[in-house]
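Each reported figure results from applying straightforward, stated rules to the coordinates on display, with no laboratory input. Computed from a predicted model, the values in this text were never measured in an experiment. Positions of Cβ are backbone-derived with ideal geometry, glycine not excepted, and every protein chain shown enters the neighbour counts.
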Amino acid sequence: MDSVFELTTKMKQNFAVHSKMPPKQPFVIGVAGGTASGKTTVCNMIISQLHDQRVVLVNQDSFYHSLKDEQLRNVHEYNFDHPDAFNTELLLSCMERLKQGHAVSIPHYDFKTHKSTEGARQIKPSDVFILEGILVLHDCRVRELMNMKIFVDTDSDMRLARRIQRDTVERGRDIQNVLDQYARFVKPSFEEFILPSKKHADIIIPRGGDNDVAIDLIVQHILTKLGQHDLCKIYSNVFVIFSTFQLRGMHTLIRDAKTKKHDFVFYADRLIRLVVEHGLGHLPFTEKQVITPTGSVYTGVVFCKRLCGVSIIRSGESMENALRACCKGIKIGKILIHGEGINGRQISQAAMCYCLTPILASGNSAVKAISLLLSKGVPESNIIFLNLIAAPQGIHAVCKKFPKLKIVTSEIDASLDEHDRVLPGMGEFGDRYFGTEYNYNTTLKSQSSSQSISFGTPK
């Protein structure tokens, strides 16, 4: 009975932890371009190739303002291609709720009556949302919701021919009215609002739906992103090592409370080495040709040579040997969190800097350490933050404050408990690695009294 009670208690605790976890983040794609550029065709091709995923298409056209009676009487004077023609606030509200895992109602807009009609479309949470429209890349608030931004670039004559056919056949409009509207509103708005938004696109697709190669590459990128952790979809500067059974096996051993110190150190060192090597892959490089012993020419690369490491004392020191083994002669400095002020040497602004700590929990210490590196002259984009396990709270804290640095980790855990301990985590890493006895209450007390940072000179 006791064992059953313990099991039930653990299940309740696990449920409490997971119930606090945020909903799964969908992948949001924005597809913009001029009128009749082939945006819908591109979207449909992407959807057809993502047949194993839940994909929902949301049209910006659904968010047109309904015209008032006075506007309807002078409908030919109304600019439907101007940003003010859309209810952007409603669009933002709907997309934000979808990203949070809530169902929403999307209006249905009738292009013949120029009003939103009854029978709104119900959309449920999904894996992928594609937001399509001429001006979806115009508003920065809408762009911030997107994980991928696409601009469909099609010749203006082709777009005009398609628009004439669409508006006369599908929407019952007179050809002369279509041409007048194009000259007065469509073309000027394209040049003023739509074309400038092209600079915000991650991918530009010439020829629209006729560009099969571009569509295939986009689909492969989406599938790769869908296989990543949700935080990698939110922050493009977060990199998680691809999980294998070997990686999971080592994590199982170092997370097990029964693992002896010798085994813990052995497998922690192996994981650290993998993280360091993965981090080296993010160094800037230049192409170089060498002559092999066979007299042949080999075209390879040479990585940045100005490197340094900075470990956050004391658990970060466990990562120094792996960094030295991978980077011969690298200089390593130390950062200590205490209450005695800041001192230290200036780091070369040209150097790439690896910041080392095994656990990224709340992110408070990491933010202080990174802030110190910036004050010592290290550009934010030159910092690569290496750690074994990260909590979502820590990633949010670091990435929101320092969007230009890179975070490389081997796993992202579920959450933090009320004492900012990573769950499921692996306990107090420094004490387990260095073989010192530890007590969580003592550790938490000492952490709460730490307020400032000291920077040790490289050795």
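Things to note:
- Both numbers refer to the Cα atoms of the chain; Rg and Dmax are 27.4, 85 Å.
- Nearest-ten-degree value, helix 2-19 long axis tilted from longest Cα axis of the chain: 50
- Estimated FRET transfer efficiency when R0 is 56 angstrom, pair Val213-Asn321 (beta carbons, to 0.05): 0.75
- Tail weight of P(r) past 25 Å, computed on alpha-carbon pairs of the stretch 27-227, percent: 36
- Taken about its Cα centre, the chain carries a charge dipole of about 1420 debye when Lys and Arg each add +1 at the Cβ and Asp and Glu each add -1 at the Cβ.
- With a Cα cut-off of under 16 Å and a minimum spacing of 8 residues unless on different chains, the lysine pairs in the stretch 27-227 number 10.
- Fewest neighbouring Cβ atoms within 10 Å first, the residues Phe111, Phe80, Phe285 line up as Phe285, Phe111, Phe80.
- Axis of helix 364-375 versus longest Cα principal axis of the chain: the two differ by about 80°, to the nearest ten degrees.
- Counted residue by residue at 0.36 nm each, then reduced by the alpha carbon distance between them, the extension gain from Arg306 to Asn364 reaches 18.1 nm.
- On the beta carbon distance between Glu144 and Asn177, with R0 = 35 Å, the FRET formula returns roughly 0.40.
- The residue among Pro206, Ile412, Cys232 whose Cα reaches farthest toward the positive pole of the charge dipole of the chain, with charges on the beta-carbon of Lys, Arg, Asp and Glu, is Ile412.
- Cα-based helix-to-principal-axis angle, 156-169 vs the chain, degrees rounded to 10: 60
- Since only Leu217, Pro284, Phe86 are under comparison, the one whose Cα sits farthest along the positive direction of the charge dipole of the chain, derived from C-beta charges on Lys, Arg, Asp and Glu, is Pro284.
- A simple spin-label model places pseudo-atoms 7 Å from Cα toward Cβ; at Phe266 and Phe111 they are separated by 6.9 nm.
- Sorted by Cβ neighbour density within 10 Å, fewest at the top, the residues Met352, Met148: Met148, Met352
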